[in-house]
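A short write-up of the structure that comes next.
The values are calculated or read from the model by the stated rules, or taken from the named source; none is laboratory data. Note that the structure is predicted; figures quoted are calculated from it, not measured. With ideal geometry, Cβ positions are generated from the backbone for all residues, glycine too; neighbour counts draw on all protein chains shown. Accessible surface is based on the protein model in full, side chains and every heavy atom, while ligands, DNA and RNA are left aside. Shrake-Rupley method; radii C 1.70, N 1.55, O 1.52, S 1.80 Å.
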Amino acid sequence: MNGYVSNLDGINFVVSDGNGDIHPSQTFPTGLFSFDTRFLSTWRLMLNGELTNALAKDDLQYFESRFFLVPGAPAHYVDSKISVVRHRMLGGSFTEQLIVLNHGDESADLTVFMEIGCDFADLFEIKDVKPKTGKLATFVEGGRLHFRYRREGFVRETVISASEPARIDDHGLTFDIRLPPQGQWQTGLQVDALVQAPVSSRPSLQVHAAKVRRKMRKELAEWLAKMPRLACEWEALKQAYNRSIVDLAALQYPVWGKSGLIPAAGLPWFMAVFGRDSIFTSLQALPFAPSLARATLRTLAGTQGASFDDFREEDPGKILHEMRLGESAAFLEQPHSLYYGSADATPLFVILLDEYERWSGDAKLVRDFEFEARLALKWIDTSADLVGNGYIWYQRRNTATGLDNHCWKDSWDSISYRDGTLPEPPRATCEIQGYAYDAKLRAARLARKVWNDPAYADELEAQAADLKRRFNRDFWIEDGEHYALALDSDGRPVDALSSNIGHLLWSGIVEPNRADSLVQHLLGPDLFSGWGIRTLAKTAARYNPIGYHVGTVWPFDNSIIAWGLWRYGYRREAALVAKAIIEASPYFDGRLPEAFAGYDREFTRYPVQYPTACSPQAWSTGAPLLFLRTMLGLEPDGDHLTSSPALPDGIGEIALLSIPGRWGTTDITTRDQEGRQPTNSR
């Protein structure tokens, strides 16, 4: 279960196993997390010395769930006279209502033990275990169990309390209870995750939990009420859409001041600010939740690079990649207190600024961030051009802990030649050049429309035209009839065939006479699995259907590619990609994961889970929303919303009602095969 509360300065989430228990693990990091720190590493329920096993789990809301359990191994189920309900909720605190029931006709004496442990591990330490250098203290005070970690001025504390009397020691809470026949016993447990602050006075646990539950349900209801309403005959789409809008609520991240709530990247590893992820998710969600784009722009403008810093890989004008609040960032053991190791977030910031204005009409925000947008564009032309040939290049400057690749495929082996060798840095990946091209054209529109600077607009358009000409000369691979994945340090094409070419269609940098060749590659057997487009073609030496960026299928990647196909007029092909991914979603209970395996659809018959994928993950959560926009062909045109739909065959009617924008709200209704024009009302 994961949970989110909007009135916190940080964000809390809980990951547990199927029984509701928490235990330390590197591969499956269960725990109560806040501020990039694990405040609970052990939370295991035992009855008479036995662990429990789950009969069922009920996810009531993204912040609330119930586990129905029996004590002992599965063999005990048939004759079990005792059952347990754990009703869990995450709000300002983590609370759990523990109910033990006796279904027998005799009294039962039970020892209920909640084993508790706190390692205060930084998220980076969970992946790569390191010894703690601070001091950990455990003590009982005021009827509460305290775990406190201190390293100089860095203090984190976990406080556990119960509504019923308990024996408390360093290992947890023990309750000795007698249950009458057909009787029940319950207690409320509360866990407070504290950052250099004492537990404040508060009402009883039951009153506190009820108040938080009402508040959380009210906030979720208000969020859902703002969303456009989807009516369709395609159950997979309906399920994916409903799941996505709830998960977007859960993934919102409060940063500071009045910036608002931005999309965090994903659970469990990336519940933090990520520039690229937040931008893409905001783009995907613009027709549904424009507030995300507004908050993202404000947050990233406020953290824009201001100096040259090799440790943080910062430049003036560069947009943030990642921000962490844990111990390793606080003590500069890694650069992520503010880390700028992405080469694409900066042009994407300008793209989002323009797209947001097109949908919202919010010219004031565009005026407010004119300086930041110009600074971002200046970075593209100066600091980003490491080679001096007019492209965005990247090379790791923090050689100890920085990322090797600063594109969206940021794993170490994601950029390779077809034969599998890795190019020497610096590298210039193809899709980032497309983003730069798009950013310049969009900024030119803003310069004319909002900034009242037509001379600057002319300059940007001339730069974009020159970039497009050079790009189509330098990145095109004649014998493969596709664009190179990147240029290497000598300016030679990195010739692997990848999904990145689909992002080029979205940016508009592709010459129209070359688009058909790209589409054939994207939907050909080397890239298209039947469940979606792979990140790397099967013809590449590093292809691996379960490799992170070298053969898996990413729903986010496919949503951007479908958008690009639509832009170049390949509407049916865009619908085919959308249909493939949406048809995969029921196998993940409607929640598209970060990535899944790239096996051929005929080979597996169902999409295979990538073992360590984040779920929910923000830009996978946003993918169904962008697929909807693409299938319906939604585009702002001044103060009107236009629609040029192309639906997959056999899915029937789709109606998207109350789409927000500068036009107020608009309804769109269309069918798959009948060729009727959509109805459009304001």
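A few points about this structure:
- Inter-centroid distance (Cα atoms) of the range 33-109 relative to the range 217-248, Å: 29 Å
- Other residues with beta-carbon under 10 Å from the beta-carbon of residue 22 carry, at +1 per Lys or Arg and -1 per Asp or Glu, a net charge of -1.
- Amide H to amide H distances under 5 Å link residue 494 with 485, 486, 487, 488, where only residues 5 or more positions off or on other chains count and H is placed in the peptide plane.
- Residue-normalised accessible area of the range 409-469, given per residue in Å² at a 1.4 Å probe: 39 Å²
- Probe 1.4 Å, accessible area per residue of the range 271-398, Å²: 27 Å²
- Cα centroid of the range 511-587 to Cα centroid of the range 151-184, whole Å: 51 Å
- Accessible carbon and sulfur surface of the chain relative to its total accessible area, %, 1.4 Å: 49 percent
- Averaged over its residues, the range 90-173 has an accessible area of 46 Å² per residue, based on protein heavy atoms and a 1.4 Å probe.
- Structure-derived Rg and Dmax of the Cα atoms in Å - corresponding label in (1) 32.6, 135; (2) 25.5, 81; (3) 26.3, 88: (3)
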